[in-house]
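Below is one structure, written out as C-alpha cells; the observations come after it.
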Amino acid sequence: MPYLHVRGTRLHYEDAGTGPALLFLHGWGTSGRVWQSCLPDLVRDHRVVTLDWRGCGRSDHPADGNTIDGITADLAAVIEELEIHPTVVGSSIGGVFATELALARPGLVDRVVAVDSPGYWPGTGMRETVHDLRERLVDDRVGTLAGWVPDWFAPGAAPGLVDWTVRQLLDSGVYIDELFTEVTTYDPRPRLPELSVPIVYLHGEQDAQIPLEVARSCAAATPGARVHVLAGCGHVPHQENPRTFTAALRSVA
C-alpha cells in the first residue's frame with residue numbers, strides 16, 4: 001500500500017487516473033474509503049488522490065499534530081510531494097482543512113469543494129455539547145458512535161452503510177477527538193473575504209448535523225463562492241448517493 005512520510009507521520013493514500021487532479025479529504029474519523037463509490041467514474045478523466053489524514057484509517061495515529069493547523073501542514077506537504085495542483089474536496093471537517101489550506105497556501109490549490117462542512121457551526125454556543133460528546137466517547141465509544149452516526153445520513157439510508165461507517169470510526173485513533181474542542185472556537189468568516197481560491201459549497205438538503213444556512217453564510221462572506229444543494233441527501237452525500245454527488249462535483253469542479 002502506498003504511504004507518504006510527512007512531518008514524522010506515515011500517511012496512507014491512493015492515487016489513480018490521469019488528468020486534472022482531485023484530492024479527497026474524508027470527515028472526522030473515517031478514511032479515504034468513503035469516496036470509493038465515486039472513484040470509477042472520476043478516474044476516467046482525472047487524477048484522483050484519496051488520503052487518510054493523520055489519526056485516521058490506515059495512516060499513523062500519533063498523539064500529536066491533531067489540530068487544524070497540523071493537518072493543514074500535512075496536506076501542504078502531501079501536495080508538494082505528489083507534485084499536484086488539485087481541486088481539494090473536503091467532507092465535513094475535511095472541508096475545514098481544505099479551506100484553511102487555501103487560505104494559508106493558495107498557490108497549492110486550484111479550487112476548494114467543501115462538502116457539508118461545519119464552518120463556524122460548532123462555535124455557536126456548543127462548548128457544553130462538545131464537552132459532553134468527548135466524555136461519552138471516553139465512557140462508551142461504541143455506544144456513542146452507534147447512537148450518533150445514523151443521524152449523519154438522510155432517512156432511509158441502508159443500515160449496512162451506517163454500520164460500516166461506525167466500524168471505520170472505531171478503527172481510527174482516539175487522539176483526533178481533540179479536534180472537537182478546537183472547532184468550538186473556529187470561525188473562518190472574518191478571513192473568507194481574503195480567500196483567493198474559488199470555492200463551492202456542496203450541501204445535503206437534509207443534513208441534520210450542519211444546517212444549510214452555514215454553507216450559505218460562508219458563501220456570502222466569500223467572493224465568488226457558490227452553494228449547490230443536493231436534494232434528498234444528508235451529511236455524507238458521497239456515501240448516500242454517489243451518482244448524484246459525482247454529477248454535482250463534475251458540474252462545479
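We did not get these values from a lab; they are worked out from the coordinates using the rules stated. Predicted model, so just to flag it, every value in this text is computed and none were measured. In this analysis, Cβ positions are derived from the backbone assuming ideal geometry, glycine residues included, and neighbour counts consider all displayed protein chains.
If we scan the range 171-193, do we find a residue that is more than 30 Å from residue 63 (Cβ to Cβ) and small (Gly, Ala, Ser)?
Within the range 171-193, none of the residues are more than 30 Å from residue 63 (Cβ to Cβ) and small (Gly, Ala, Ser).
Would you confirm whether or not the range 130-146 contains a residue that is assigned to a loop (DSSP other than H, G, I, E, B) and surrounded by 13 or more Cβ atoms within 10 Å (Cβ to Cβ)? Checking the range 130-146: not a single residue is assigned to a loop (DSSP other than H, G, I, E, B) and surrounded by 13 or more Cβ atoms within 10 Å (Cβ to Cβ). Scanning the range 62-83 for residues that are of a type outside the set (Ser, Thr, Tyr), assigned to a loop (DSSP other than H, G, I, E, B) and surrounded by fewer than 18 Cβ atoms within 10 Å (Cβ to Cβ) turns up 62, 63, 64, 83.
Screening 157, 219, 208, 215 for residues that are of a type in the set (A, V, I, L, M, F, W, C), part of a loop (DSSP other than H, G, I, E, B) and under 17 Å from residue 117 (Cβ atoms) leaves exactly one candidate, 208.
So if I check each of 170, 212, which one is under 21 Å from residue 28 (Cβ atoms), in contact with a strand residue (DSSP E or B) (Cβ under 6 Å, 6 or more places away or on another chain) and surrounded by fewer than 21 Cβ atoms within 10 Å (Cβ to Cβ)?
On the way: 170 fails: in contact with a strand residue (DSSP E or B) (Cβ under 6 Å, 6 or more places away or on another chain).
The unique qualifying residue is 212.
The numbered conditions (1) touching a strand residue (DSSP E or B) at 6+ places or on another chain (Cβ under 6 Å); (2) outside any helix (DSSP H, G or I) are all true for residue 119 except (1).
The condition (being farther than 21 Å from residue 26 by Cβ, touching a Pro at 6+ places or on another chain (Cβ under 9 Å) and of a type outside the set (Gly, Ala, Ser)) is satisfied by just one residue among 202, 230, 192: 192.
Conditions (1) assigned to a loop (DSSP other than H, G, I, E, B); (2) closer than 21 Å to residue 77 by Cα; (3) of a type in the set (Asp, Glu), marked per residue:
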position: 23; (1), (2), (3): no, yes, no
position: 28; (1), (2), (3): yes, yes, no
position: 36; (1), (2), (3): no, no, no
position: 39; (1), (2), (3): no, no, no
position: 55; (1), (2), (3): yes, yes, no
